Amino acid sequence: MTSFTPGDSVDVLIAMNPAALKMNLADLKANGILIVNTDSFTEADLKKAQVKVNPLEDGSLDKFRLFSVELERLTRRSLEHLGLDAKSMDRCKNFFALGMCYWLYNRSMDSTVRWIDEKFKNKPLLAEANKLAMKAGYSYCEATEAFQISYEIRPRN
């Protein structure tokens, strides 16, 4: 008999590239939510991960609730007015994905906004970029019809 503890399997996996998907997919529960950054599933990215067939196209992800999202493109679009270089904007895609998770689980972003302000207190432009990216991810879920269901997790007492 195999024994599992909380956290051994995850309900949501965000794969930023094929290598991350390959390494972590086994941890995702069947019917779990899989968010994939399609901007990093090019032929070159698949080759680097030593993946011969694109898993987004071969049916191997059918047992999951797959959401293919252009995380880099959408993050860049939400931040283009700030004048940041592409590399700096791309670093914010994690916060875009986090904003999506906040929407999916009906959670407040307030504690993360405070953390960002503290973490980047000496880099106000990066603080603003990360907060905007997170809010853009939240708004993306509100606006798109792909995300029809959200969940509510009650806080622990």
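The values are calculated or read from the model by the stated rules, or taken from the named source; none is laboratory data. It should be emphasised that the depicted structure is a prediction, and the values quoted were computed from it without experimental measurement. For neighbour counting, all protein chains shown are included, and Cβ atoms are generated from backbone atoms with ideal geometry for every residue, glycine included. What goes into the accessible areas is simple: the full protein's heavy atoms, side chains included, and nothing from ligands, DNA or RNA. Shrake-Rupley method; radii C 1.70, N 1.55, O 1.52, S 1.80 Å.
When the residues of the stretch 104-146 are filtered to those that are part of a loop (DSSP other than H, G, I, E, B) and small (Gly, Ala, Ser), which remaining residue is surrounded by the most Cβ atoms within 10 Å (Cβ to Cβ)?
In the first step, residues of the stretch 104-146 are kept if they are part of a loop (DSSP other than H, G, I, E, B); the result is 105-109, 120-123, 144-146.
Going one step further and asking which of them are small (Gly, Ala, Ser), we end up with 108, 146.
On the way: 108: 8, 146: 12.
Ranking the candidates gives 146 first.
Does residue 157 qualify as being modelled with pLDDT under 95, touching a Ser or Thr at 6+ places or on another chain (Cβ under 9 Å) and open to solvent by 60 Å² or more (accessible area, probe 1.4 Å)? For residue 157, the condition - modelled with pLDDT under 95, touching a Ser or Thr at 6+ places or on another chain (Cβ under 9 Å) and open to solvent by 60 Å² or more (accessible area, probe 1.4 Å) - is not met. The selection criterion, being open to solvent by less than 40 Å² (accessible area, probe 1.4 Å), under 19 Å from residue 135 (Cβ atoms), modelled with pLDDT under 95 and of a type outside the set (Val, Ile, Thr), holds for residue 101. In the stretch 59-103, the qualifying residues are those that are among the acidic types (Asp, Glu) and not in a loop (DSSP other than H, G, I, E, B), and the one that is nearest to residue 40 (Cα to Cα) is 72. Out of everything in the stretch 39-55 that is closer than 25 Å to residue 101 by Cα and crowded, with 18+ Cβ neighbours inside 10 Å, what residue ends up being farthest from the chain's Cα centre (by Cα)? Restricting to residues being closer than 25 Å to residue 101 by Cα and crowded, with 18+ Cβ neighbours inside 10 Å, the top hit is 55. Residue 1 meets each of the listed conditions (1) at pLDDT 95 or above; (2) open to solvent by 70 Å² or more (accessible area, probe 1.4 Å) apart from (1).
Annotation note: of 78, 88, 68, the sole residue that is crowded, with 20+ Cβ neighbours inside 10 Å and among the polar types (S, T, N, Q) is 78.
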